[in-house]
Amino acid sequence: MSITESALPTTARSADTIVPIVAELDARWSPRSFDPEATVTDAQLDALLEAARWAPSANNFQPRRFIVARRGTHHFDTIVHALVGFNAAWAVNASALVVGIAETSTVEGDLRSYAEYDLGAAVAHLVVQAQAEGLHTHQMAGVEWDQIVAAFDLAENLKPMTITAVGVVDTADKLAEALAERETAPRTRLPLSELVIARS
Ligand SMILES: Cc1cc2nc3c(=O)[nH]c(=O)nc-3n(C[C@H](O)[C@H](O)[C@H](O)COP(=O)(O)O)c2cc1C
């Protein structure tokens, strides 16, 4: 199937691209309205983590680690508690929360200089796989990280960097007014001319 014959429907939130892109990337956006009843299956979580595991990695060191918690578990509540209030208000309805952690050095002290880049690549894979599973994701950095470090007893070389909400998108009218406005605001990007420094 070509990318122009995608099975994923175009929605009002789809990316506004100058040429067609891969369907999952086109359909991806970061909602805050998640269905509070929806659940993710083990098979879906496996697929998300496998996608992350197979992301490219500098020297193939793979210095990315994850904490995965489904709604209704103690770990999920712990993670929600660490979110800043703005994020906690909506992320509590996600089906799962995934803490992305960069292993910045080995226990022996060898630096993993590309750990943060590696983690980002892995989460990007996870996000695309989520779209393919019929799920949506929303990454967050608005987190009290010291709470995550303490709650999960993370060693000094493990730097938590993002929490990704995973779930089934719900309608914007389920959100409080201020959040609903953001949910329907136009999605924008810098033009390619600003991103590309040189192209020949
Ligand atoms: C590293 C990172 C941190 C983010 N932190 C937050 C956050 O704390 N709260 C939030 O609501 N959105 C957060 N976002 C989501 C961005 O606001 C969102 O991706 C951006 O506005 C583009 O929208 P789109 O993902 O729908 O294209 C974060 C995204 C990234 C990649």
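The values are calculated or read from the model by the stated rules, or taken from the named source; none is laboratory data. Keep in mind that this is a model prediction, so the values were computed, not measured. Cβ atoms come from the backbone with ideal geometry, glycine included; neighbour counts cover every protein chain shown. Protein only, heavy atoms only, side chains kept; ligands, DNA and RNA dropped before computing areas. Shrake-Rupley method; radii C 1.70, N 1.55, O 1.52, S 1.80 Å.
A few points about this structure:
- Qualifying positions in segment 11-28 - out of contact with any Pro (no Cβ under 9 Å at 6 or more places or on another chain), surrounded by 16 or more Cβ atoms within 10 Å (Cβ to Cβ) and more than 22 Å from SER193 (Cα to Cα): ALA23, GLU24, ARG28
- Residues that are surrounded by fewer than 17 Cβ atoms within 10 Å (Cβ to Cβ), in contact (Cβ under 8 Å) with a residue 60 or more places away in the chain and either of a type outside the set (D, E, K, R) or out of contact with any helix residue (DSSP H, G or I) (no Cβ under 8 Å at 6 or more places or on another chain) (or both) within segment 48-74 comprise TRP54, PRO56, ALA58, listed in sequence order.
- In the set (1) of a type in the set (S, T, N, Q); (2) away from the ligand (no atom under 16 Å from the Cβ); (3) closer than 30 Å to PRO186 by Cβ, THR11 fails one condition alone, (2).
- Some residue of segment 191-200 being within 12 Å of the ligand (Cβ to nearest atom) and outside any helix (DSSP H, G or I): no
- Residue that is in contact with a strand residue (DSSP E or B) (Cβ under 7 Å, 6 or more places away or on another chain) and more than 19 Å from ALA115 (Cβ to Cβ), where the choices are LEU83, LEU25: LEU83
- Condition check for THR184: within 18 Å of THR11 (Cα to Cα), buried (at least 16 other Cβ atoms within 10 Å of the Cβ) and of a type in the set (Val, Ile, Thr): no
- Within segment 75-84, being open to solvent by 30 Å² or more (accessible area, probe 1.4 Å) and either touching a Leu at 6+ places or on another chain (Cβ under 6 Å) or part of a helix (DSSP H, G or I) (or both) holds for HIS75, ASP77, THR78, HIS81.
- Selection within segment 91-122 - assigned to a helix (DSSP H, G or I) and either open to solvent by 10 Å² or more (accessible area, probe 1.4 Å) or without any contact (Cβ under 8 Å) to a residue 12 or more places away in the chain (or both): GLU116, TYR117, GLY120, ALA121
- Failed item, numbered, when ALA178 is tested on (1) free of Cβ contacts under 8 Å to residues at least 60 places away in the same chain; (2) among the hydrophobic types (A, V, I, L, M, F, W, C); (3) open to solvent by 30 Å² or more (accessible area, probe 1.4 Å); (4) part of a strand (DSSP E or B): (4)
- Tallying residues that are within 13 Å of the ligand (Cβ to nearest atom), hydrophobic (A, V, I, L, M, F, W, C) and crowded, with 23+ Cβ neighbours inside 10 Å within segment 141-166 yields 2.
- Within segment 123-140, the set of residues being open to solvent by 40 Å² or more (accessible area, probe 1.4 Å), within 12 Å of the ligand (Cβ to nearest atom) and either among the basic types (Lys, Arg) or outside any helix (DSSP H, G or I) (or both) comprises GLN139 only.
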